[in-house]
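A short worksheet on the structure shown next.
The values are calculated or read from the model by the stated rules, or taken from the named source; none is laboratory data. This structure is a prediction, so every number in the text was calculated from the model and none was measured. Here Cβ is always computed from backbone atoms with ideal geometry, including for glycine, and neighbour counts include all displayed protein chains. Side chains included, ligands, DNA and RNA excluded: accessible areas come from the protein's heavy atoms. Shrake-Rupley method; radii C 1.70, N 1.55, O 1.52, S 1.80 Å.
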Amino acid sequence: MHLRQAALHVMRKSFFLSAGLILLAGLFLRLPPALFASPAGPLRLIAFLHPQPGYQHIGFDEALYLRYVDELSAIGITSFPDTAERYIAIQTQMPGAILPPTRFLYIFCAYLWHQCTGAEALTSLKVVSSIFSMLLLVISTLFATRAGGTRIGLMVCALMAFAPTQIHMSQHALIDGFFAFWAVVSLWLLWENLERPNYWPLLSAYGLALALLVLTKENALFAYVGLLGTLGLCAWQKQGRITRLLLLATFVGPLLGVALLVNLCGSLSTTVQIYQLLVSKASVLPYAIATGDGPWYRYLIDLMIMSPVVLVLAIGGIFLVRRSDWPALYLLAFVVASYLPMANVRYGMNLRYTNMWDMPLRYLASICLTTLAERWGRHTRWALPAAVILVCLLELQQYLVFFVHYNLYELVTAGLLHAIRILK
């Protein structure tokens, strides 16, 4: 008995030590670029070791987020309806689409950072992207550990720490990593509510996460469809406990987000007009037509280019999943249910939008790696860590190839193919 307790104690210590080291590596890779603007003292060594992105210019979307933060700082949150009206006036006159101010939560977080620290708007936006990418790494580790145990949790932690697009999103003033955080938090809280029904703190947190998801980006619709698809699978397979209160939170949460958004924009008609303009103008934007179209399997192609080993392992993991492995089925259902609408939006495809799938795909990849390592018999204890380390190094190499050496910024298929010299 004492030997068993001692062994469990050693295993716990090993898990926390390994997870801590991996998290430190992942957090280091996600450090905000502002730290390296004028490095001094110890920061010089950090700046030397940190693989900083090659693309240092302000992108088109970044410039718009920057303007919204500056505008919010100048006029205050109570005058946000004026920003919404100004967007409608400008967007009506433009032939193509620009991102709307309804992506409020990201802009507001950068505004708060700017107000608290005095940092410039662009620096504030990048710091917010960095912080929420770090938080997503931590949340993914906790979620995977809760769902699949310590071994799977540790593997997901490692694979997420070195995920190329996760690191990329942390280095730029782009909203997709921020959005992925709220999508994964909503997915995790739904899981916890299914496991622990009618627990008010969890229900409240789940409803609030859905509201904040709506306040983040219009892509909340795809994540919400994914959550509904996951709930449908739960009901069909009779997994978890779907209560009336859980269904109520699932519908009230997004409604609360919509109500807050309408209030921020000043009226329902203004909010509807913003989205109508965005949809109509985006469909005729030359850049979107040139880069945002493709067959239904385009996301698979882009993921194969960016993270080929992880995607192959994840697909292998799908075929290894059994009906009893409910956490894997749960995560797979979310990816499939959200993939279907995302793959059918004309001129609206971009690898940036798949950030919310990174954790589920790496969970499935971990299942495949575990199964492959078990074939080594008594050598599994060292074969599995070696395989995970190898995959992480390959993922880091992908980040260096695409974002450090090639200076890739926008994650469209043509740019990805140019980076690996398939296109010239």
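Summary of values
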| quantity | calculated |
| --- | --- |
| Which of 30, 378 is most accessible, then next, and so on - probe 1.4 Å | 378, 30 |
| Prolate/oblate/rounded call for the range 253-362, Cα gyration tensor, a/c under 1.5 rounded | oblate |
| Whether the range 115-265 is rounded, prolate or oblate, judged on the alpha carbon gyration tensor where a/c under 1.5 counts as rounded | oblate |
| Förster-model FRET efficiency, 35 Å R0, residue 414 and residue 138, C-beta, rounded to 0.05 | 0.55 |
| Surrounding net charge for residue 404, when Lys and Arg each add one and Asp and Glu each subtract one, Cβ distance under 15 Å | 0 |
| Estimated inter-spin distance, residue 405 and residue 21, nm [label 7 Å along Cα→Cβ] | 2.7 |
| Computed FRET value (nearest 0.05) for residue 340 with residue 269, which takes r as the C-beta separation and R₀ as 35 Å | 0.70 |
| The range 295-300 - phi-based ³J(HN,Hα) in whole Hz, Karplus 6.51/-1.76/1.60, Gly and Pro as x | x, 4, 8, 4, 4, 5 |
| Probe 1.4 Å, all protein chains present, accessible-area order of 12, 103, largest first | 12, 103 |
| Residues of the chain: accessible area per residue with a 1.4 Å probe, Å² | 46 |
| Helix-only CD estimate at 222 nm, as mean residue ellipticity for the chain, using -39500 (n - 2.57) per DSSP H run (n ≥ 4) | -24000 deg cm²/dmol |
| Segments 359-365, 266-272, 191-197 sorted - mean Cβ within 10 Å per residue, highest first | 359-365, 191-197, 266-272 |
| Given charges at beta-carbon only (K, R positive; D, E negative), |dipole| of the chain in Debye | 1420 |
| Where 13, 126, 238 fall by accessible area, highest first, once all protein chains stay in place (1.4 Å) | 238, 13, 126 |
| Ordering of 393-403, 209-219, 223-233, 57-67 by packing [mean C-beta count within 10 Å, highest first] | 209-219, 223-233, 393-403, 57-67 |
| Between 0 and 90°, nearest 10: helix 2-29 axis offset from the chain longest Cα axis | 30 |
| Segment residue 221-residue 244, extension gain: residue separation times 0.36 nm, minus the distance between their alpha carbons | 6.1 nm |
| Area of residue 310 that stays accessible when all protein chains are in place (1.4 Å probe, Å², to 10) | 0 |
| Dipole-positive endmost among 23, 387, 214 within the chain (Cβ charges, Cα centre) | 387 |
| Label-point separation in nm, residue 276 to residue 376, each point 7 Å along Cα→Cβ | 6.1 |
| Of the chymotrypsin sites (Phe, Trp or Tyr not before Pro) in the range 257-314, those whose Cβ has at most 13 other Cβ within 10 Å and which sit in DSSP loop | 296, 297 |
| Spatial separation of Cα centroids for the range 76-92 and the range 295-357, in angstrom | 36 |
| Crossing angle, helix 176-195 versus the chain [Cα axis fit, 0-90 degrees, rounded to tens] | 50 |
| Degrees separating the helix 358-374 axis from the principal Cα axis of the chain, which is the longest one | 10 |
| Three-way shape label, the range 181-235, alpha-carbon gyration tensor, a/c 1.5 | oblate |
| Qualifying trypsin sites (Lys or Arg not before Pro) in the range 286-350, DSSP loop, other Cβ atoms within 10 Å at most 15 | 322, 323, 346 |
